[in-house]
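The values are calculated or read from the model by the stated rules, or taken from the named source; none is laboratory data. Everything quoted here is computed from the prediction, not taken from an experiment. Because the Cβ atoms are built from the backbone with ideal geometry, glycine has one as well, and the counts that use them run over all protein chains shown. Heads up: the accessible areas ignore ligands, DNA and RNA and are worked out on the full protein's heavy atoms, side chains in. Shrake-Rupley method; radii C 1.70, N 1.55, O 1.52, S 1.80 Å.
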Amino acid sequence: MPRERTVSLPVIAREWGRIGLTGFGGPPAHLTLLRQLCVERERWIPARAFEDDIAATNLLPGPASTQLAILSAWRLRGVPGALAGGICFIAPGLVLILALAAMFLAGDPPSWVSGAAAGAGAAVAAVALHAGLGLAPASLRRAAPGAPRARWLAYVLTGGAAAVCAGPWLVLVLIGAGLTETAVGRGGAREPGRAGGGRAGGRLWLLLAAAPVATAAASLTALTWVAFKVGALSYGGGFVIIPLMRADAVDQHGWLTGGEFLNAVALGQITPGPVVHTVAVTGYAAAGLAGGLLAAAVAFGPSFLLIILGARDLERLRSLPSVQAFFLGAGPAVIGAICGSAVPLALALGHAWQAAVLGLAGLWLLVLRRGVVSALLLAGALGALAPLAGLPAG
């Protein structure tokens, strides 16, 4: 995977920072902005190479759009470019979400602020269901008819049940689904090119283990462990962080109430940059500003390591049958977990009017097929009006 062009670090910092500041709407917006910049406008990266990079980063654990931003910058300036591009892509949204966390988690915020948070949080269960259902058709098409599709359905149902019942052990269910499909679905098939390519295949699996091991070495506290799971074990990225975080942040450690966690997820959606920024709110609730910065560093660290240590091997990673089989199992389980997370999220609602907002958000997203950011903003606006109508907002 050779580098395409050499671009100056100030240009990378400026352009990736601009995308991080204006990338509202999550991964689809990030992919569009990166493609417009690197492929269409500046022609720094060939279209085919960019599409291959999208496919490769979607095979990795962690936030795929962040990894694509880091990989695109690596293509232009190597490791310094990857660091500059990744940090500038992440920083704007991180600063904004920490500022909003300070306001929303204040001891006595204004009533309209509490109402807006409660309104946006009420819509999160619908957003999670929308995200999971949106991933399902493409995932199902990748499963062949017959037994593979039966296993696909089993993985979806298992992931959904685990999101409701398994709590912090959900990540083991996701990994177990991937390993099951690797063992059962491939039927013991050998990797292609075993004689000449086995060493490269082993190096690629070592690459996948490198980031979790390196990050786990720093996981001396509960907060770093939670952030580590989000950044290094969240196969599918995006909304799978919700079931991964909720059991730890709400049920086990009590850093956030159920309602506050809903607000944190909403903030991660309406701010620019990666959805994984939600983990910074959890860190802020656990240990203030230092906790928010630590959680973000631990969550995004594996993405930098995976790209910097293994960018040249990502093309071969995509072709390994064992890797493809793993994600044929883990992928449907992730979809089930995302959809299943809507159950505890809906049960966390504390006021009757929030249930009405949730119903309207579901109509907006699933029936009218409108956007996530607009759904959250409208729900927040309705929530801000709730105190004026004499409805409870706290």
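A compact table of results
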{"quantity": "Among the residues listed as Phe89, Phe104, the single one being aromatic (Phe, Trp, Tyr), buried (at least 18 other Cβ atoms within 10 Å of the Cβ) and modelled with pLDDT under 85", "calculated": "Phe104"}
{"quantity": "Any chance Ser65 is part of a helix (DSSP H, G or I), small (Gly, Ala, Ser) and more than 21 Å from the chain's Cα centre (by Cα)", "calculated": "no"}
{"quantity": "Residues (open to solvent by less than 50 Å² (accessible area, probe 1.4 Å) and part of a helix (DSSP H, G or I)) located in segment 349-358", "calculated": "Trp353, Gln354, Val357, Leu358"}
{"quantity": "Pairs where the first residue, in segment 95-113, is over 14 Å from Glu260 (Cβ atoms) and the second is open to solvent by 70 Å² or more (accessible area, probe 1.4 Å) and at pLDDT 80 or above, C-beta under 7 Å, 6+ apart", "calculated": "Leu98/Leu289"}
{"quantity": "Ala361 vs. criteria open to solvent by less than 40 Å² (accessible area, probe 1.4 Å) and modelled with pLDDT of 90 or more", "calculated": "yes"}
{"quantity": "Residue in segment 380-394 that is under 24 Å from the mean Cα position of the chain (by Cα) and open to solvent by 30 Å² or more (accessible area, probe 1.4 Å) present", "calculated": "no"}
{"quantity": "Answer residue from segment 293-348, given it is over 16 Å from Ile242 (Cα atoms) and among the hydroxyl-bearing types (Ser, Thr, Tyr) and is surrounded by the most Cβ atoms within 10 Å (Cβ to Cβ) among those", "calculated": "Ser303"}
